[in-house]
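One structure is given below, encoded as structure tokens.
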DNA sequence: TACTGTGAAATCTTTCACAGCA
DNA sequence: TGCTGTGAAAGATTTCACAGTA
């Protein structure tokens, strides 16, 4: 099977691999923008601080995309990754919660590219409901979620609501038929059946940095990664 | 050794464990607020969707905090975790980049609690430099980082700058003596020696949800986690 | 020759299952 | 008795090292 995406059980691909695929895609976009046509796994590893064997193995779950003795054609591999990740279709996102964070996320470049789009925000604050963040991007009342979805399918909900109501909103979102949720609320949620929840817990991230901070009297040299391990994705 | 924090090489504790400690602390705070005095590992697991053996093992790296036959005293364990995580001292954070995201993070509750404080933002935009986000929280010019730090030590820098300048700002931050960095910029950074970098890549998080979205013609039932695995922290 | 693709080994992480203690 | 603390087993992930091929 040459240069062909094989059919693979997607649920058998680990999350770690999935996240790296997304990083590989970004690296390839950088290379393409720089006019690079061909890249070997070693060059990728060198330039982007990756592991070359891991790169090859991650790709191998999906097919054979390289040319032995040469490497990978950058535009080809990029397109394969776009297809593998499912970024070859329009993905519509709704943000639940139009506070500080929800509003910032609505404007985040990474959520508004090519085929990814934030299409609406939902809140319950009467001062916010009805307002437009920018042309075409309005804040609706949470109770309008179901009718909105009928006219404008939503693939991913982003949870950026107050902790108190997070569980409730998650259940509303699930009941509305949204099966993928990116959660920013720092709380342990009960995940409704059939829903995939990806949590980004900013406080946990900070606290794990605090854990490694040198304590009084220590000199902090121990921070250097003594094994020389690449920091990819055990940091994410 | 009873009820005593043992000395353990902090660098031998895995990141996964570290992140869970932070979650355990939050759960205990919830229990304490509810007036619960004592909790067993099984009750913790039940209530917060954790794994009881993992909970016990994570704690065991640091000492013996429980009482056999009984469980853990909630306030005691909470205090132990605060000490273990290093949250028993004032931690000062600076945010590099006063755009959408940087500004939202400056106001994020999880970064402004008890002993964690955002103490300044840094940007280069003349329209922003000098402004106050709120009393006591000012935006400074990036070139003022070194003098600022002399008067107000900073333990953690948060990187929320444009992709183009991320590497440069990371190096400035490192040169200023800040050894811990929480990075929000979606790029593979070269990590200066002695610096600990924790990356939060929002685009990667979304794309890994997209990967699992049902494709045209599929019915998406496969989204249910067939092994019944608990979603803790392979989702974070 | 210089690379990819890949089994096999090494390492890391979770889970089991039970000895031992309050 | 009912729990913790913990070795040992199982499982997941990374890394090695090389056969195979353009």
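Counting only other chains, what is the mean number of Cβ atoms within 10 angstrom of the Cβ of each residue in peptide A:101-111? Per-residue shielding by partner chains comes out at 6. Across peptide B:12-23, the average count of Cβ atoms from other chains found within 10 Å of a residue's Cβ is 4. Taking every DSSP bridge with both residues inside the protein assembly as shown, close to 25 percent are antiparallel. The Kirkwood radius of the stretch A:4-84, taken over pairs of alpha-carbon atoms, gives through the Stokes-Einstein law at 10 °C and 1.306 mPa s a diffusion coefficient of 125 µm² s⁻¹. Using Cα atoms only, what is the angle between the long axis of helix A:74-85 and the major principal axis of chain A, expressed in degrees (0 to 90) to the nearest 10? The angle comes out at about 40 degrees. The calculated FRET efficiency for residue B:11 paired with residue A:42, based on their beta-carbon distance and R0 = 30 Å, is about 0.55. Classify chain B: rounded, prolate or oblate, from the alpha-carbon gyration tensor (a ≥ b ≥ c, eigenvalue square roots; a/c under 1.5 rounded; otherwise prolate if a/b is larger than b/c)? Since a/c reaches 1.5 but b/c is at least a/b, the shape of chain B is classed as oblate. Taken over the stretch B:103-154, the convex hull of the Cα atoms encloses 80 Å³ per residue. Label-to-label distances for residue B:16 across copies, nearest first, come out at 0.7 nm, using points 7 Å from Cα in the beta-carbon direction.
A label point on residue B:52, set 7 Å along the Cα-to-Cβ line, lies at 4.9 nm from each of its counterparts in the other copies, closest listed first. Full extension of the chain between residue A:141 and residue A:168 gives 8.2 nm of extra length, using 0.36 nm per residue less the Cα-Cα distance. The two copies A and B are related by a rotation, and the chain A beta carbon nearest its axis, with distance in whole angstrom, is A:104, 2. Estimated from helices alone, the mean residue ellipticity of chain B at 222 nm is -10500 deg cm²/dmol (sum of -39500 (n - 2.57) over DSSP H runs with n ≥ 4, per residue). Each residue in A:215, A:68 was given a count of other beta-carbon atoms within 10 angstrom of its own, and listing them fewest first yields A:68, A:215. Counting Cβ atoms of other protein chains within 10 Å of each Cβ in A:187-198 and taking the mean gives 5.
Return one number: the angle in degrees, 0 to 90 and rounded to the nearest 10, between the long axis of the Cα atoms of helix B:202-212 and the longest principal axis of the Cα atoms of chain B. That helix lies at roughly 50 degrees to the long axis. Between this copy and the others, label points of residue B:70 are 7.1 nm apart in ascending order, each placed 7 angstrom from Cα in the Cβ direction. Rounded to the nearest 10 degrees, the angle from helix A:166-175 to the longest Cα principal axis of chain A is 80 degrees.
Read-outs throughout are calculated quantities, based only on the coordinates presented, and are distinct from any laboratory measurement. Since this is a predicted model, take the numbers as computed values, not measurements. Neighbour counts are summed over all protein chains in view; Cβ atoms, including those assigned to glycine, are modelled from backbone coordinates with ideal geometry.
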